[in-house]
Amino acid sequence: MRELIRPVATALSIACLAASFAALSADGALAQAKDAAPVEGVLAAQKDMNPITDKLPDNAPPDAKVISQLEGIAKKNGFASFDDYNNVVDNVSLVMGGIDPATKKYVGSEAVIKSQIAQVEADKKMSANDKKQALSDLNMALKAHEPQVENKGNIDLVVKYYDKLNEVLGADQ
């Protein structure tokens, strides 16, 4: 069942990202990248950030000390600020949400969500209530309009680093 909850969480993350991307401009650090430096920076920074962010209570704003630590990690890994780092992570997450985990090819988030819906519908071990909730969440994510990846070069970069990014960002949880 855990394997089926992960796609639902991914789909919901995509839906949330779609809403947040509507407010973001496409001129972020990754969108301007001509090389892999921003992606490599995310990989390096995330290893230091995870122990800090994992300790934070859900939905609680970090205090000044934590923000200072996160800013320092972001700058140490080549970002102008923690906001710059977050912009790159958001762009990476947008692309990750459209990569088919089986083929590791970019197919778009709609295709990934439809595949997840088919997996949930075909699962005979999942309880009726869990299946109903998962399908509801996936259908809601499918209806959310995701912004398009404006710089197609981002897709190639994220696909190249897919396994490493998936490991540190936990994109298919």
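The values are calculated or read from the model by the stated rules, or taken from the named source; none is laboratory data. Quick caveat: nothing in here was measured; it's all calculated off a predicted structure. Neighbour counts run over all protein chains shown; Cβ positions are idealised from the backbone, glycine included.
Laid out as a table, the results:
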{"item": "Unmet criterion (only one of (1) crowded, with 19+ Cβ neighbours inside 10 Å; (2) at pLDDT 90 or above) for Ala122", "result": "(1)"}
{"item": "Single condition Val95 does not satisfy, out of (1) of a type outside the set (Gly, Ala, Ser); (2) outside any helix (DSSP H, G or I); (3) touching a strand residue (DSSP E or B) at 6+ places or on another chain (Cβ under 9 Å)", "result": "(2)"}
{"item": "Subset tally (residues that are more than 18 Å from Asn154 (Cα to Cα), surrounded by 12 or more Cβ atoms within 10 Å (Cβ to Cβ), at pLDDT below 90 and among the hydrophobic types (A, V, I, L, M, F, W, C)) for segment 14-51", "result": "3"}
{"item": "Some residue of segment 139-148 being under 29 Å from Val39 (Cβ atoms), hydrophobic (A, V, I, L, M, F, W, C), out of contact with any His (no Cβ under 6 Å at 6 or more places or on another chain) and in a helix (DSSP H, G or I)", "result": "yes"}
{"item": "Qualifying position, being without any contact (Cβ under 8 Å) to a residue 60 or more places away in the chain, on the phi < 0 side of the Ramachandran plot and among the charged types (D, E, K, R), among Asp130, Asp123, Asp100, Asp90", "result": "Asp100"}
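For (1) more than 19 Å from Ala36 (Cβ to Cβ); (2) outside any loop (DSSP other than H, G, I, E, B), each residue gets a yes or a no:
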residue: Ala80; (1), (2): no, no
residue: Gln133; (1), (2): yes, yes
residue: Leu157; (1), (2): no, yes
residue: Asp163; (1), (2): no, yes
